[in-house]
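Visitor: If you scroll down you'll find the structure; I have some questions about it.
Nothing in this text is a laboratory measurement; each read-out follows from the coordinates by a stated rule. Everything numeric here is computed off the predicted structure, so don't read it as measured data. Cβ placement follows ideal geometry from the backbone for every residue including glycine, while neighbour counts extend to all protein chains displayed.
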Amino acid sequence: MNNNEKYASPLSSRYSSDEMQFLFSPQFKFSTWRRLWIALAEAEQELGLDITDEQLDEMRAHIDDIDFETAAVYEKKLRHDVMAHVHTYGECCPKAMPIIHLGATSCYVGDNTDIIIMREALKLIKARLIKVLRVLADFADKYKDQPTLAFTHFQPAQPTSVGKRATLWINELMLDLEEVEQVEKALLPLGSKGTTGTQASFLELFDGDYEKVKKIDLLIAQKMGFEKAVPVSGQTYSRKVDSRVLDLLSHIAQSAHKFSNDIRLLAHLKEVEEPFEKNQIGSSAMAYKRNPMRSERIASLSRYVIVNSQNAAITAATQWFERTLDDSANKRISVAEGFLAVDAVLSLYANVANGLVVYPKVIEKRMMQELPFMATENIMMDAVKRGGDRQELHELIRQHSMAAGYAVKMEGKENDLLDRIAADEAFGVTREELEAVMQPRNYIGCAALQTADYLENVVRPTLAKYTEVEAAENEIKV
């Protein structure tokens, strides 16, 4: 069968970046196994075991030149991936073969590598998050003074500003960034815990010296770039770690999904649209359409990530005692695809946010259709100041509002509330005077000030900590 006759994950062929795919590739996985075997052998030599510099040099010389065909032959024969790669490594390191994997169990390379991969993947996710935040911060600043109609229940409410609305998207991503930092910091490798977590094999190797057993755990962790290893475990690190990571990915997906929903609704209103390229086709049938397909893809992939988080939760809950293998097949898929999908989601998010098209005239038109209703309290208060009865005026406002609303909804007419109020002598105000107060900026409250304050005192100082963090551009293929 050729490649076009086999299933290929869309996450690889269509969505995720090369950088994220590399982290979950066989090359990165198995070269990390070899680095872990070197770290183990180095630590054992440092603690007095008979391991020569020649053996270590031989191992170091063959970290990346993995013979995958030979490994596949061994795995088919042995039905064991770790032992297949021990033998494959041993073929190119014959002098070191006797000490490769000495004292370790399969989870030594498997679990430690999984933690290392997730740590590196979180770094890339963090870089993509920061990129989106930078783009949204600039957008919020640019449009902080642009009044727009706000909605509750998707019904017209009080005005806000386009920039203030963007701060709601930013705030959710700021929560996600904080959580990424927490989870990244909490990730610890398994270390060298042995078959059931008792380190019995290492106690045997070091002739009952518990201090050396503790030391090898610490040395391996430090050689792999961590301060320490997990303090206790069974054969594996707790699968709640995977659950915590996939929950984090779900939280990012939730934020992105919310953004994509808002953009899709705004596109329907023709107020804000995602970028639409010159030769892009919105519909195969309706040539005039500009479907928000990138925002829809964000929603689609985010939904997958949110549901996928349950894989790790159920796996963590159903582990047996010190080790069971029903986690392995699920984990290979759910963790990798969770990261690949969020990588794609954030790449799309940055692309959409960076190319948002705002239509101020449409925004203003909709605002002015609704503003007379929202200005009624101010109109009523001004009339009271001129000697009117508040309760009587309230009832008149109610009657005029209902009548104007009926004309709009049932008769398809323009909103004539201002004409009705101007014609009512109880209010003592002219149409021109009413129009003079119909300035949208008078009704956005502190929206512009809140936006400026939030950007200056919260967002910009946070982003300033990551000036060196950059995410490579991920081409949007479709």
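Visitor: Rounded to the nearest 0.05, what FRET efficiency do His268 and Glu179 give with R0 = 22 Å and r taken as the Cβ-Cβ distance? Could you check?
Guide: Values: r = 32 Å, r/R0 = 1.44.
My answer for the efficiency is 0.10.
Visitor: List the residues, sorted by chain then number, that are 5 or more residues from Thr148 or on another chain and whose placed amide H is less than 5 Å from its amide H.
Guide: Those lying under 5 Å, H to H, from Thr148 are Thr160, Ser161, Val162.
Visitor: Under unit Cβ charges (Lys, Arg +1; Asp, Glu -1), what dipole magnitude, rounded to 20 debye, does the chain have relative to its Cα centre? Can you show the working numbers first?
Guide: Working: 57 positive and 71 negative charges, 216 e Å.
Value, rounded to 20: 1040 debye.
Visitor: Under 20 Å Cα to Cα from Lys142, which lysines show up? Leave out anything in the same chain fewer than 8 places away.
Guide: Lys142 reaches Lys131, Lys164, Lys270, Lys361.
Visitor: Which value in nm describes the separation of the simple spin-label points at Asn2 and Glu392, placed 7 Å from the Cα toward the beta carbon?
Guide: If labels sit at Asn2 and Glu392, their model points lie 8.8 nm apart.
Visitor: Let me ask something else. Taking R0 as 51 Å, what's the FRET efficiency between Arg290 and Leu218 from their Cβ-Cβ distance, rounded to 0.05?
Guide: Numbers: r = 58 Å, r/R0 = 1.14.
So the FRET efficiency works out to roughly 0.30.
Visitor: If packing is taken as the average count of other Cβ atoms within 10 Å, what order do 185-194, 430-439 fall into, highest mean first? Please report the intermediate quantities before stating the final value.
Guide: Values: 185-194: 20.8, 430-439: 12.6.
Packing order, densest peptide first, comes out as 185-194, 430-439.
Visitor: Using only the alpha-carbon atoms, how far is helix 26-46 inclined from the longest principal axis of the chain? Give it as 0 to 90 degrees, nearest 10.
Guide: Between the helix axis and the principal axis of the chain, the angle is about 50 degrees.
Visitor: About its Cα centre, how strong a charge dipole does the range 36-187 have in debye, to the nearest 20, once Lys and Arg get +1 and Asp and Glu get -1 at the Cβ?
Guide: Numbers: 16 positive and 27 negative charges, 263 e Å.
That gives the range 36-187 a dipole magnitude of about 1260 debye.
Visitor: Related question: What is the Cα centroid distance between the range 297-359 and the range 382-397, reported in whole angstrom?
Guide: Their Cα centres are 57 Å away from one another.
Visitor: If the reach is capped at under 29 angstrom between alpha carbons, list the lysines near Lys6, excluding any in the same chain fewer than eight residues apart.
Guide: Answer for Lys6, where 29 Å is the Cα cut-off: Lys29, Lys76, Lys77, Lys331, Lys477, listed by chain and number.
Visitor: Still on this model: Before rounding to the nearest 500, sum -39500 (n - 2.57) across all DSSP H runs of length at least 4 in the chain and divide by the residue total; then give [θ] at 222 nm in deg cm²/dmol. Mind showing how you got there, number by number?
Guide: On the way: 19 runs with 295 residues, N = 478.
Per the formula, -20500 deg cm²/dmol.
Visitor: With only Lys, Arg, Asp and Glu charged, each at its Cβ (+1 for the first two, -1 for the last two), find how big the charge dipole of the range 376-437 is about the Cα centre; round to the nearest 20 debye. Please list the in-between numbers first.
Guide: Numbers: 8 positive and 14 negative charges, 35 e Å.
Dipole about the Cα centre, nearest 20: 180 debye.
Visitor: Which entry in (i) -0.30; (ii) -0.56; (iii) -0.42 matches log10 I(q)/I(0) by the Debye sum over Cα atoms at q = 0.06 Å⁻¹ derived from the coordinates of this structure?
Guide: Derived directly from the coordinates: (iii).
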